[in-house]
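Just so you know, all these numbers are worked out from the coordinates, no wet-lab data involved. As the structure is a prediction and not an experimental result, all values here were calculated from the model. Reconstructed Cβ throughout: ideal geometry from the backbone, glycine too, with neighbour counts over all protein chains shown.
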Amino acid sequence: MAGSHVVMTVTSRCGMRRMHRRLCYCVAAMKRIFFFVLLSTCAWTQTQQLRTRWEELTAPDFRAGIEKSGGTCLLPFGILEKHGPHLPIGTDLLNVRKAALAAADREYAIVFPEYYFGQIFEAQQEPGTIAYSPQLQMQLLQETTDEMARNGCKKIVIVNGHGGNNSFLPYFVQTQMYKPHDYVVYLFGLASHAPGGPARKTKIDMHAGESESSTTMVNFPDLVKMDQATTQSGEDQHRQHLPDTLYTGIWWYARFPNHYSGDGSAATKELGEYEMTQWVNSIVEAIKAVKADQDSKKIQDEFYQKISHPLDTRP
C-alpha cells in the first residue's frame, strides 16, 4: 500500500506539472492573441483617421471633422491659366491645394475642393485660360464662404495660390464688413519666395520661372515638360514707360506678353523641396493661429452691432 501511495503521489505531481505547462501555454497563446488584436485595432484606427479633403468625408465624419478642427476650414484658391510653355495650366490650383493638404495633415483642418474662379483677365489671350466676370467671381466666392459657414466652417482661411488674386482677395475679405456674418474670413496671401535655401540662378522669377517650376517639378514631375521651358521668352519687354506712381491694368501684358516671367529651365529639385517645405510650414502656423484666435469674431460682432445705429457711437 505504501508503494502504491508513492506511485500515486508521483503520478499526481507529474499530472500537475503537465497541467501547469498547459496553463502556461494557454496564457502565452492568449497573450499573443491579445497583442495581435491590439495591433490590428491600432492599424484599423489609423486607417480610420479623419480625412482632410472635404469631398472624401462621409457625413458623420464631416461633423467630426468640424468638431476636431474647431470649425477651421481651408479654401485653397488657384486659377486656370498658361504657365509658360512647360508647366500645366492648373499649376497654381495644383500646387496650392497640395500645400494646403500637407499642412492640414499636420494641423487638422477640412480642405475645400479645387477652386479656380478668380481674377485672370490678363491672360485671356492664352489657350486654356478661364476668366469669369467680376460679378460672378465675387458672388460665387461669397456664396461659397456662406455655404461653408452654414456647414460649420466658422473660421475660413482662403489660401491664395495665384498672383492675379493679390488685389481681388484682400478686397473680398474687406467686403465682409458690408453686412453681418456669423463667421470670419482670413486670407493667407500668396507665398513669397522663401529666403535662404539654394541659391537662385535668375533675377526675374514672377510666373512659371525658376521657383514655380522647381515647386511643380517636385509636386507633379509627370506634368512638367522641362525641355519646352526655353521655347519662349520670359524676359521683361519693358513696353510701358510710366512712373511708379501710375498703375494700369495692361501692365502685366506690356511686360510679359508670353504670360511667362523668368526662366523655368533653371529649376532644381532642391529649390522646389525647400520652397514647398517653407510654404507648408507657414500654412501650418497660420492654421494654429486661426484656431487660437478668440478675438476676431468678438470684435467683428461688436462692429456689426454698431453699424446699425452709428449715431450712438461716440465721436
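Whole-Hz Karplus values for the stretch 103-112 come out as 5, 5, 5, 8, 10, 4, 7, 8, 10, 5 Hz, taken residue by residue from phi with 6.51 cos²θ - 1.76 cosθ + 1.60 and θ = phi - 60°; glycine and proline positions read x. List the lysines whose Cα lies under 25 Å from the Cα of K68, skipping any in the same chain that are fewer than 8 positions away. Cross-link targets: K98, K154, K155, K288, K291, K297, K298. Restricting the calculation to Cα atoms, the stretch 54-287 shows an Rg/Rh of 0.98 when the hydrodynamic-style radius is the Kirkwood one. Need the list of aspartates and glutamates near K306 for cross-linking: C-alpha distance under 20 angstrom, and skip anything on the same chain fewer than eight residues off. Once the sequence-local aspartates and glutamates are set aside, what remains near K306 is D182, D295.
This model, with +1 at the C-beta of Lys and Arg and -1 at the C-beta of Asp and Glu, gives the stretch 54-287 a dipole about its Cα centre of some 300 debye. Counting beta carbons within 10 Å around each of K269, K98 and listing the fewest first gives the order K269, K98. Cβ-to-Cβ counts within 10 Å put F220, F112, F77 in ascending order as F220, F112, F77, the fewest first.
The spacing between the stretch 90-106 and the stretch 207-221, judged by their C-alpha centroids, is 13 Å. Listing M276, M177, M138 from fewest to most neighbouring C-beta atoms within 10 Å gives M177, M138, M276.
Seen from H86, the other residues with C-beta closer than 10 Å to its C-beta sum to a net charge of 0, counting Lys and Arg as +1 and Asp and Glu as -1. For the stretch 52-81, trypsin sites (Lys or Arg not before Pro) are listed when DSSP marks them as loop and at most 16 other Cβ atoms sit within 10 Å of their Cβ; the list is empty.
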